[in-house]
Structure formats: structure tokens, C-alpha cells
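What follows is a single structure, written as C-alpha cells, with notes after it.
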Amino acid sequence: MLGFNYDSFKEAIKKVEQENYARLMSDIEKVKAFVEKALAMFLESNTNMTQVRYPSVGL
């Protein structure tokens, strides 16, 4: 195995792991933002429907 360098291989794996971690964190933030937006829209919709159906309930 001419030209094989364990340290460079180890560094390459570490670099790929860091890139994958950064990509994962980015995806997690996107999902988190989507879920927060969906929940806000759902709760806002429920609040509006409550106000329409029960006007005496002062929210």
C-alpha cells in the first residue's frame, strides 16, 4: 500500500465527519423552523375559530 498515510486518512475522515455534522445541524434548523411555523399557524387558526364560534370568550 504505497503512498498510504494513516494521518492524512484520519484527517480526511475527520473533515467528512465535520461536514456531515454541519449539514445535519442545518437540516435540523430547517425542520425546527418548519415545525414552529406549522404550530404557530395551527394555534392561530384555532384561536381565530374560537373567537368566531364563541365571541364572548375574550382571548
Could you give me the residue pairs with C-beta distances under 9 Å whose first residue belongs to region 38-49 and is free of Cβ contacts under 8 Å to residues at least 24 places away in the same chain, whose second residue is open to solvent by less than 60 Å² (accessible area, probe 1.4 Å) wherever it lies, and which are 6+ apart or on separate chains? none
In region 11-27, what residues are modelled with pLDDT of 95 or more and among the charged types (D, E, K, R)? Lys14, Lys15, Glu17, Glu19, Arg23, Asp27
How many residues, within region 28-55, are open to solvent by 100 Å² or more (accessible area, probe 1.4 Å), in a helix (DSSP H, G or I) and either touching a strand residue (DSSP E or B) at 6+ places or on another chain (Cβ under 6 Å) or modelled with pLDDT under 80 (or both)? 2
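The values are calculated or read from the model by the stated rules, or taken from the named source; none is laboratory data. For clarity, every value in this text was computed on a predicted model and none was experimentally measured. Glycine gets a Cβ as well: all are built from the backbone with ideal geometry, and neighbour counts include every protein chain shown. Areas reflect the complete protein model, heavy atoms only, side chains present, ligands, DNA and RNA absent. Shrake-Rupley method; radii C 1.70, N 1.55, O 1.52, S 1.80 Å.
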